[in-house]
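Trainee: Take this structure first; my questions come after.
The values are calculated or read from the model by the stated rules, or taken from the named source; none is laboratory data. Please read these numbers as outputs of a predicted model, since none were measured by experiment. Cβ coordinates were reconstructed from backbone atoms using ideal geometry, including for glycine residues, and neighbour counts include every protein chain displayed. In case anyone asks, the SASA skips ligands and DNA or RNA and just uses the protein heavy atoms, side chains included. Shrake-Rupley method; radii C 1.70, N 1.55, O 1.52, S 1.80 Å.
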Amino acid sequence: MDVFRIEGPVRLAGHVDINGSKNASLPIMAAALLAPGNSTLLGVPRLADISVFKELIDQLGCKVERREDGVLTIDATKIDNPVGPYDIVRKMRASVCILGPLLARCGRVEVSMPGGCAIGDRPIDLHLIGLRQLGAQIHLKNGYVIAETPQGLKGASIFLGGPYGSTVLGTANVLMAATLAKGRTIIESAACEPEITDLANCLNVMGARISGIGSPRLVIDGVNHLHPVQYRVIPDRIEAGTFMAAAAITGGEVHIGHCRLEDMMAVVDRLRIIGIAVEANGDGCTVAGAESFQPADITTQPYPGFPTDLQAQFMALLALAHGNSIVVEKVFPDRFLHVAELNRMAANLRKEGSAVIVAGVKKLVAAPVMASDLRASAALVIAGLAAEGATIVNRVYHIDRGYERIEERFNLLGAKISREEGGTV
Ligand code: EPU
């Protein structure tokens, strides 16, 4: 099992280009299943999660090819096994987003019910409520969700809000199914995340009729069929925000290219409050850290609020602020496994329910730490860049799920990170 050895502190400087979005690529790969024929997706990042999804699509009976340059082709001419098996879904719960497209395309789908994960319980009740309202009959058997549409799908008015607001993959599933349903579907309280906007734009290029894109009210007029597509996915705003937090914590100056600042207003707002300069230029921005920076309160929320996927990285940053901050998690109230690990590096964080009080400290100190999930691992790497000494981050397979060669890219900016074999299991 690989570990990262991170020598700190360093000051990051230089240029980095952001890759295509993981969380846009996954549902868009699922959308390709709606149309028989060959679809080509551009800008798909080379990540472990994309490999798992490729494996899933391959075993449906389709053929997926992935090139080094981020081009991914999906031949969805034939789907003879509309099943999402346990062995794949347990590796990546986003596999659940084949439910909607396969139901619409094949009239029947079986997907292993995803379990909880390090960031929370993560139920899929809203996905199922939405699909049932489109006419699906759904039951659970041997841990599998079995969804069928003996009569075909029919448009409906659906409210998709839950206890924590909208659902990203739930919206993706219902939206994809509705494109081929008879008549009009209205999804109220739809997720507005840029990844859902990207999915809806891609579906429209495939021949779907979706309006209200980017708003919480999506209107979908069903069509008889969709056609294959060539589509470029948007840049990854979470990867961009991770590099921003890294530049800031090291007092560095990094130009971040291929970054859509307009999708990141809540993040830019918090950075400026903290005292970090963010200046738009070219197809991205320059982020310049300061020697000492200010505390800030952060509350995660569905888009356009501050993203939960950057909560851990910004907590690492605030750990070194000149004063106290409060971080409130309103999307995944238990997503705090990084707190105890950051405290091992001499941060002063106190968890109170779904909030963490961050008392800024003067310095972080290197320690061996344990990655627990993708974004928590990114936070530990960011902390390691600023900490004095050699930080060892165990279980970096978590970070490989969502960041492509992160250590090499940080090293080009002046970091000293080596990937080494062995480490705590
Ligand atoms: N929820 C329900 N019922 C549902 C679905 C969700 O109660 O049926 C709750 C969840 O438990 C959570 C909240 O609603 O409290 C939001 O969950 P959501 O469904 O939006 O999350 P998701 O679609 O499963 C995606 C991303 C996550 C990201 C969240 C929130 C992908 C592949 N995953 O998950 O990304 O944190 O939206 O923005 O798009 C990551 O990339 O590290 C990651 C975890």
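Trainee: Just subtract the alpha-carbon distance of residue 352 and residue 2 from 0.36 nm times their residue separation and send over the number in nm, one decimal.
Mentor: 122.7 nm
Trainee: Here's a follow-up. Give me the net charge of residue 222's neighbourhood, meaning all other residues with Cβ under 11 Å from the Cβ of residue 222; Lys, Arg count +1, Asp, Glu -1.
Mentor: Around residue 222, the surrounding residues sum to +3.
Trainee: May I ask you to evaluate 6.51 cos²θ - 1.76 cosθ + 1.60, the Karplus curve with θ = phi - 60°, for each residue of region 63-72 and list the ³J(HN,Hα) values in order in whole Hz, giving x for glycine and proline?
Mentor: These are the phi-based 3J(HN,Hα) values: 10, 10, 10, 10, 9, 4, 8, x, 8, 10 Hz.
Trainee: Could you tell me how far the Cα centroid of region 30-53 sits from the Cα centroid of region 264-280, in Å?
Mentor: 32 Å
Trainee: Distance between the C-alpha centers of region 94-149 and region 299-352? Whole Å please.
Mentor: One Cα centre to the other: 31 Å.
Trainee: Would you mind calculating the gained length between residue 288 and residue 129 on full extension (0.36 nm times residue separation, minus the Cα-Cα distance), in nm to one decimal? The partial results should precede the final answer.
Mentor: Details: separation 159, 0.36 × 159 = 57.24 nm, distance 4.57 nm.
The span from residue 288 to residue 129 would gain 52.7 nm if fully extended.
Trainee: I'd like the accessible area for residue 140, computed on protein heavy atoms only with a 1.4 Å probe and all protein chains in place. Round to 10 Å², please.
Mentor: My reading of the accessible area for residue 140 is about 110 Å².
Trainee: Provide the descending list of Cα extents for region 109-193 along its principal axes, expressed in whole angstroms.
Mentor: Its Cα atoms span 39, 32, 16 Å along the three principal axes.
Trainee: Now a separate question. Which of 389, 251, 170 moves the most in a Gaussian network model of the chain with Cα springs under 10 Å?
Mentor: Answer for the Gaussian network model of the chain: 389.
Trainee: Here is a follow-up. Once you keep just the Cα pairs under 8 angstrom separated by 6 or more residues, what percentage relative contact order results for region 22-224?
Mentor: It rounds to 17 percent for region 22-224.
Trainee: Taking N as the number of residues in the chain, what value does Rg over Cα atoms divided by 2.2 N^0.38 Å take?
Mentor: Taking N as the residue count of the chain, the ratio is 0.97.
Trainee: What relative contact order, as a whole-number percentage, does the chain give when Cα pairs under 8 Å and 6 or more residues apart are counted?
Mentor: 21 percent
Trainee: While we're here: Would any residue of region 62-93 have its amide N under 17 Å from a label point 7 Å out along Cα→Cβ of residue 405? List them or say none.
Mentor: Residues 67-71 fall inside that zone.
Trainee: As a test of reading the structure, rank 227, 398 by solvent-accessible area (1.4 Å probe, protein chains only), most first.
Mentor: Ranked from most to least accessible, the order is 227, 398.
Trainee: For 54, 362, write out the residues from largest to smallest accessible area, computed with a 1.4 angstrom probe and no ligands counted. Present the calculation step by step, with values, prior to reporting the outcome.
Mentor: On the way: 54 55, 362 200 Å².
Most to least solvent-accessible, the answer reads 362, 54.
Trainee: Summing Lys, Arg as +1 and Asp, Glu as -1, what charge do residues with Cβ under 15 Å from the Cβ of residue 281 carry, residue 281 excluded? Mind dumping the intermediate values first?
Mentor: Details: positive: 260; negative: 17, 253, 262, 279, 283.
Counting the neighbours of residue 281, the net charge comes to -4.
Trainee: If each residue of separation counts as 0.36 nm, what is the full-extension length gain between residue 334 and residue 77 once their alpha-carbon separation is subtracted?
Mentor: So the extension gain works out to 88.4 nm.
Trainee: Right, here's the next one. Along each of the three principal axes of the Cα atoms of region 22-224, give the extent in whole Å, ordering the values from largest to smallest.
Mentor: Dimensions of region 22-224 along the principal axes of its Cα atoms: 42, 37, 33 Å.
Trainee: Please enumerate, by chain and number, the aspartates and glutamates with C-alpha under 12 Å from the C-alpha of residue 182, excluding those fewer than 8 residues away in the same chain.
Mentor: Here the aspartates and glutamates satisfying the reach criterion relative to residue 182 are 221.
Trainee: What list of ³J(HN,Hα) couplings, whole Hz, do you get for region 267-279 from phi and the Karplus terms 6.51, -1.76, 1.60, once you set θ to phi - 60° and write x for glycine and proline?
Mentor: Here the 3J(HN,Hα) series is 6, 4, 4, 5, 4, 5, 4, 5, x, 9, 7, 10, 10 Hz.
Trainee: Taking the Cα centre of the chain as origin and charging only Cβ (+1 Lys, Arg; -1 Asp, Glu), how large is the dipole, in debye to the nearest 20?
Mentor: 740 debye
Trainee: List the lysines whose alpha-carbon lies under 19 Å from that of residue 54, not counting same-chain residues fewer than 8 positions away?
Mentor: Within the straight-line limit of under 19 Å, residue 54 reaches these lysines: 22, 63, 78, 91.
Trainee: So, one more: With unit charges on the beta carbons (Lys and Arg positive, Asp and Glu negative) and the dipole taken about the Cα centre of the chain, which residue among 96, 1, 417 sits farthest to the positive side?
Mentor: 96
Trainee: Using a 1.4 angstrom probe, figure out how much accessible area region 22-224 has per residue, in square angstrom, rounded to the nearest whole.
Mentor: Ligands and nucleic acids excluded, the figure is 38 Å² per residue.
Trainee: Could you report the accessible area of residue 258 in Å², rounded to 10, computed with a 1.4 Å probe on the protein chains as they sit in the structure?
Mentor: The value for residue 258 is about 70 Å².
Trainee: Under 1.5 on a/c is rounded, so check that first for region 202-281, then, if it is not, pick prolate when a/b is larger than b/c and oblate when it is not; a ≥ b ≥ c are the square roots of the alpha carbon gyration tensor eigenvalues.
Mentor: Taking the square roots of the gyration eigenvalues as a ≥ b ≥ c, region 202-281 is prolate.
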